[in-house]
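Read the figures in this text as sums done on the coordinates, not as results from a lab. The structure displayed is predicted, hence computed values, not measured ones. Virtual Cβ from ideal backbone geometry, glycine too; neighbours counted across all protein chains shown.
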Amino acid sequence: MKLREFIVFVQEQLAPLYPQQECKAMAVRLLKECIAGYKGYEHLVEPATELDTFSLEVHSTGTEEYLLSCVKRLATGEPLQYVLGYEWFCGHRFNVAPGVLIPRPETEELVNRAIEFAQKAQAVAQETSASNGQRHIRILDICTGSGCIAWSLAAAIPQAAVYACDISTVALQIAGSQNIFNPDGTPAQVNFFECDILSPHAEQMIFSQCEDTCTNGNSCSTSDVVASDSGCGVLDLIVSNPPYVCDSEKLQMRPNVLEHEPHLALFVPDEDPLMFYRAIAQLSGRLLKPGGALMFEINERFGQETKKILQDLGFGNCRVVQDIFGKDRMVLGYKNFS
C-alpha cells in the first residue's frame with residue numbers, strides 16, 4: 001500500500017466516526033509517530049512510496065501490517081492515544097491506557113498557571129530558607145489520573161516536593177510508570193499515593209503522606225495541624241482536574257470518549273456536579289499554608305458556582321479564567337494570611 005492509498009484508506013474507514021480532515025490528521029499522525037524518521041510531509045512529496053519501504057519506530061512487524069492493525073482499532077472507536085499508547089503533554093510523553101483520561105491541551109493552561117505560581121513561591125522559599133529552614137515548596141495534585149499535571153510540575157520545578165493522589169489503583173500504576181525528566185536530564189520525582197478525596201479520612205491520609213511541617217519550620221503532629229485554627233498548613237499549592245462532566249452530558253460526548261475513557265474520572269451526578277470541588281476546597285483551607293494557591297480545571301457551565309465555593313470558604317482573589325477557546329476553564333483562589 002502506498003502512502004496516498006493509506007491516507008485515503010484511513011479516511012474511508014474512520015468516516016463514520018470523525019470529520020474528513022480529522023481522519024486525515026489521524027492518518028498523518030500514525031505515520032509520523034510510528035515510522036522511524038518520518039518527517040510528516042513525505043505523503044505530500046512522495047505519495048507513491050510503499051509503506052513497507054519504511055521501518056517502524058519500535059515494532060518488528062511489517063510496517064503496512066502494523067499500521068493497518070492500528071486503523072482497525074481506530075475504526076472501533078478506540079482513541080488514537082490509546083492505540084499509540086501515549087500522548088504528548090507540556091512537552092513530555094505520557095503513557096496512557098484505558099484506565100486513565102487522555103491528557104487534553106486545555107489542561108496545559110492550568111499547568112502553566114500552576115508553574116508560574118510555584119516558581120515564585122519557590123523563589124520566596126529559597127530567599128527565606130536561612131531564617132525558617134524551608135528548602136522547597138510542596139505541591140499536591142488531586143485526582144492525578146495519568147500524572148500529567150504532577151509530573152509536569154515536578155519537571156518544571158525540580159526543587160519542589162510534588163505529591164499526587166487518586167482513588168484508582170490502575171491510574172496510580174500508570175502514573176507511576178511515567179519516565180519524565182528534569183531540564184538537566186535527571187529523573188523527575190513525584191510521590192504517588194491512593195486516596196479517596198471524598199472520604200472522611202482524606203485529610204489524615206494527605207497529612208500522613210506529606211511532610212508535617214508548619215509554615216514557621218517547626219515540626220507539628222497530624223492531629224495538631226488538623227485541629228489548628230491558626231491557618232497552619234503543609235502545602236503551598238494544590239492543583240486538581242477532578243471529574244466534572246454531568247451524567248446528563250453523556251449524550252453530547254463522542255463514542256470514542258464515552259465508550260473507552262474511564263467514567264470514574266469523568267462523570268458526576270447531575271444533582272451534585274460540584275461535589276469534588278466542594279470537598280477539595282474544604283480540605284485545601286486546612287492543607288494550604290497562608291498565601292498558598294488552589295487551582296482547578298472546571299466544567300465551563302459552573303465557573304461562577306465553583307468560584308463562589310472558594311469565596312464562601314474564605315479564599316481570596318478568586319477568579320474564573322478562560323482557556324484559549326474562550327471557555328471558562330479554570331478557577332483560582334488563594335488562602336488568606338489572616
Next item on the list: Using DSSP to define loop residues, name the trypsin sites (Lys or Arg not before Pro) in the stretch 1-99 whose beta-carbon has at most 16 other beta-carbon atoms within 10 Å.
Entry: 39
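Among the complete DSSP H segments of the chain, which ones combine at least 24 Å of alpha-carbon extent along their axis with a mean Kyte-Doolittle hydropathy of -1.0 or more?
TM-like helix candidates: 105-127.
Could you work out the relative contact order of the stretch 127-197, using alpha carbon pairs under 8 angstrom and six or more residues apart, expressed as a whole percent?
Reported as a whole number, the value is 33 percent.
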Notebook entry, point to check: Could you give the nm distance between label points at residue 88 and residue 282, where each point is 7 Å from its Cα heading toward the beta carbon?
Noted result: 4.2
Notebook entry, point to check: In the stretch 252-338, which trypsin sites (Lys or Arg not before Pro) are in a loop and have at most 12 other Cβ atoms within 10 Å, using DSSP for the loop call?
Noted result: none
Checklist line | the chain: calculated mean residue ellipticity at 222 nm from DSSP helix runs of at least 4, using -39500 (n - 2.57) | finding: -11500 deg cm²/dmol
Check: If you average the sequence gap of Cα pairs under 8 Å that are 6 or more apart and divide by the length of the stretch 229-338, what percent do you get for the contact order?
Finding: 31
Check: Across all directions of projection, what mean area in square nanometres is found for the Cα convex hull of the stretch 3-76?
Finding: 4.4
Checklist line | Sorted by Cβ neighbour density within 10 Å, fewest at the top, the residues 88, 151 | finding: 88, 151
Notebook entry, point to check: With the chain treated as a Gaussian network of Cα nodes joined by springs under 10 Å, which of 42, 300, 194 yields the largest mean-square fluctuation?
Noted result: 42
Notebook entry, point to check: Gaussian network model of the chain, Cα springs within a sub-10 Å range: biggest mean-square fluctuation belongs to which of 77, 285, 147?
Noted result: 77
Next item on the list: Using only alpha carbon pairs under 8 Å that are at least six residues apart, calculate the relative contact order of the chain and give it in whole percent.
Entry: 13
Notebook entry, point to check: Tell me, 60, 240, 248 in order of fewest to most beta-carbon neighbours within 10 Å?
Noted result: 60, 248, 240
Note to self: Can you sort 51, 31 from fewest to most other Cβ atoms within 10 Å of each residue's own Cβ?
What the structure shows: 51, 31
Note to self: Pick from 124, 268, 162 the residue whose mean-square fluctuation is largest in a GNM of the chain, springs joining Cα atoms under 10 Å.
What the structure shows: 124
